[in-house]
Amino acid sequence: MSALFRLDTEVVLKGMLHVAGLGRPKPLVDRCVAVDEHGVPYLPASSVRGRVRAHLERLLRARGLPVCAPPRPERMCPHARLEGAEDGYCLACRLFGSPWRDAAVVCEDFRPRGGPGTGGPEPHTWAGLTVLRTGVGIGRKLGTVREERLFFTETLPRVIAGEGLRFAGTMEVRAEPAELGWLVAAMRLVTHLGAQKGRGLGRVELRVTGVARCDGRDWVSEDPERFCGEVVGLALAGSAAR
Ligand SMILES: [Zn+2]
């Protein structure tokens, strides 16, 4: 039976990161990182959801389970009419939604750990903490440097003031434990976020740092490590039996 779960999730930077968004325009910078109204960088929920969904689709495909192929509507649930898909939708669509179905996963934006007053950087200092990376545009046809194509990308460093940079956010999921297991398994496969993976940016790790289950009225905490191990086990055991 499905229940409501809350996963406290952390994005741990393993390298410099550039997640584009409505940044604060800066002179000479071509690509800004996403910042909130206080100038503090954040990771939009959509960037994390998108990566997790992509890994979930891959994982389901590898296990021979039904999964549709966005973005063309005729190849997406329910139009794809996948064999074995529960009420016409694959697990990726049931968890992350589609134009024709609400998502079971509600994800908030990820904010840096250690905000003002908790030892983290104060909002006004963030502008000086980002790192500018230069790049040159390479013409696809000739493979040569194109003139006037030097550009600057704003990135977040992996470590700030001796502390590894981490972003925290919560995901609320209404699902059965085995379905949640697939979600957690897909989260474990995420190794990159944001743009310019080819230029060595965006290495990350996703960690579940807290789990709570709603028993109808109250939230009951679970040990995250044990819980994640159990639900992933349920997911994989179910698919092996097919
Ligand atoms: Zn689907």
Item to check | Between helix 224-240 and the chain: long-axis angle, C-alpha atoms, 0 to 90°, nearest 10 | outcome: 60
Checklist entry - Anyone know which of ARG158, ARG203, ARG72 comes out most mobile in the 10 Å Cα GNM of the chain? => result ARG72
Next on the checklist: Under a crude label model (7 Å from the Cα following the beta-carbon direction), how far is TRP100 from GLU176 in nanometres?
Outcome noted: 2.2
Item to check | Extension reserve of the PHE152-LEU236 stretch, reckoned as 0.36 nm per residue once the Cα distance is removed | outcome: 25.9 nm
Checklist entry - Restricting attention to the stretch 1-85, which trypsin sites (Lys or Arg not before Pro) occupy a DSSP loop and are surrounded by at most 12 other Cβ atoms within 10 Å? => result ARG81
Checklist entry - Label ALA161 and ARG31 with points 7 Å out from Cα along Cα→Cβ: what is the distance between them in nm? => result 2.9
Checklist entry - With Cβ to Cβ distances under 12 Å as the rule, what net charge do the other residues near PRO224 carry (K, R +1; D, E -1)? => result -2
Checklist entry - Once label points are set 7 Å from the Cα along Cα→Cβ at both HIS79 and THR191, what is their separation, rounded to one decimal in nm? => result 3.4
Checklist entry - Assuming a viscosity of 0.692 mPa s and a temperature of 37 °C, what translational diffusion coefficient in µm² per second does Stokes-Einstein assign to the chain, Rh being the Kirkwood radius over Cα pairs? => result 167
Next on the checklist: Which residue fluctuates most in the GNM of the chain (Cα springs below 10 Å): LEU129, LEU95, LEU201?
Outcome noted: LEU129
Checklist entry - To the nearest 0.05, what FRET efficiency results for VAL136 and GLU205 with a Förster distance of 35 Å applied to their C-beta separation? => result 0.70
Next on the checklist: Within 10 Å of each candidate Cβ there may be at most 16 other Cβ atoms; applying that plus a DSSP loop requirement, which chymotrypsin sites (Phe, Trp or Tyr not before Pro) in the stretch 6-106 survive?
Outcome noted: TRP100
Item to check | Listed residues ALA127, ALA161, ALA195, most fluctuating in the chain (Gaussian network, C-alpha, under 10 Å) | outcome: ALA161
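Among CYS214, CYS107, which comes first, then next, by fewest other beta-carbon atoms within 10 Å?
Ascending Cβ contact count within 10 Å gives the list CYS214, CYS107.
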Checklist outcome for this item: Expressed to one decimal in nm², the mean projection of the alpha carbon convex hull of the stretch 14-112 is 8.5
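FYI, it's all coordinate maths here, none of it is from the lab. The model shown is predicted, which means the values in this text are computed figures rather than measured ones. Don't worry about glycine lacking a Cβ; one is built from the backbone with ideal geometry, like all the others, and counts go over all protein chains shown.
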